[in-house]
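The values are calculated or read from the model by the stated rules, or taken from the named source; none is laboratory data. Small disclaimer: the values here were computed from a predicted structure and weren't measured. Reconstructed Cβ throughout: ideal geometry from the backbone, glycine too, with neighbour counts over all protein chains shown.
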Amino acid sequence: MHSVKVFLIAFIFSVTLVGCGGSSDDTSVVDEVIVDDDTQDDSVDDTVDDEITTYYNVDLFTVLPLTENEVSCTLENGSETTCYELTFAANTVGDTEGEGTVGPYCPDSISTPRIEAGLGVYDGETNPGFQSLVDAAQGMDADGYDIVDEDGNIRSGGGGDFSYCLSMAFDSSLTVTYLIPVTPEFRSEAYYIPTVGSIGLGINGIPIKGDPPSVTTAEAGIGGTGSGNIPALDHCGGHADPAGYYHWHFIPQSINTVFDAPEYNFTNLYGISCTNTYIEYEDHAAFAGLAKDGFPIYAAYDLIDGTNTLPADVATIDECNGHTHATEEFPDGAYHYHALETEAPTVPVCLMGSYVDRNDFSVQ
């Protein structure tokens, strides 16, 4: 094992997601993954060409921005720099009808087949965790949240004195705009993503967010439920914001690795998988987008010699599940993040780069 060369920093890094079609076929299989006792593959170049200053390349995106500009911006570390200002049409991976249909979301009742029900993250006492909303509603009801009526129907929509499953309407007239540093700058310490905090954008221009709102806790500054309402996620880990734009709380290219994990086993048990035609859901090593600090985001694995390989077996990973080495898209090397392989949500829990504070993401 040779020592890891660290990109641009001379210190050691010391040191958590809300709407896509499901499939009833029980055929989803996780690609072969190489697991090695060594923490680094000697064949991988983990250096970075210092001449590379930007990782945004429009050719890597499956949806083109409506507008693309370079503008002056200020990062949260005080740095005056240049940012890409990228504006995309909202909801470019489909709506509730038509090609790339998203959903399912709130189930009608506790007897709804799980393949026809959305997903949610419940943080109460009874059966907490990432699960079908059929199960989450029953756990919530057991904890005193009146979300299931006397006939077994699951309350949805809100607006009353009960608890609800929440599913918002889409507004495809919206646009979403991102400010991404042209030249990424490392922070002195990791920035941990708050609940529903902005992480970056996917290759279709779709926003990537932190953990979905808590069911049980109302967090200051966040429009979370905190009142026993649970937001519905589709089978690709996304949903519509109350404002009407679709966004993800998972890296969708790798959500099927979660469904296939032993602790969930959703594919084998219920036939659940992400199959939206706008998402490379079969490529668990795919380039997935850009973080708001300008560094790339990849799916759960690295592709080494044609084989999906755990990132930690390629080059040492840090607390944000990031590391530096050459990739197909960046052959001269790039620091990049990976989706979590079997944890839900799958988004990186933190970022290592500085970002535009306050207005890094906007909706019109």
Looking at region 292-302, is at least one residue modelled with pLDDT of 95 or more, in a strand (DSSP E or B) and of a type in the set (A, V, I, L, M)?
-> yes
Taking region 198-231 as the search range and keeping residues that are modelled with pLDDT under 75 and at positive phi, which one is surrounded by the fewest Cβ atoms within 10 Å (Cβ to Cβ)?
-> Gly221
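Conditions (1) under 25 Å from Ser173 (Cα atoms); (2) in a loop (DSSP other than H, G, I, E, B); (3) touching a Pro at 6+ places or on another chain (Cβ under 6 Å), marked per residue:
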site: Tyr55; (1), (2), (3): no, yes, yes
site: Asp59; (1), (2), (3): yes, no, no
site: Pro65; (1), (2), (3): yes, yes, no
site: Glu68; (1), (2), (3): yes, no, no
site: Cys73; (1), (2), (3): no, no, no
site: Gly78; (1), (2), (3): no, yes, no
site: Thr82; (1), (2), (3): no, no, no
site: Phe88; (1), (2), (3): yes, no, yes
site: Asp95; (1), (2), (3): yes, yes, no
Check whether at least one residue in region 254-275 is within 17 Å of the chain's Cα centre (by Cα), in a loop (DSSP other than H, G, I, E, B) and on the phi > 0 side of the Ramachandran plot, and report yes or no.
-> no
Do the conditions hold for Thr324, that is, is it in contact with a strand residue (DSSP E or B) (Cβ under 7 Å, 6 or more places away or on another chain) and among the β-branched types (Val, Ile, Thr)?
-> yes
Could we say that Thr275 is hydroxyl-bearing (Ser, Thr, Tyr), closer than 17 Å to Asn204 by Cα and surrounded by fewer than 23 Cβ atoms within 10 Å (Cβ to Cβ) here?
-> yes
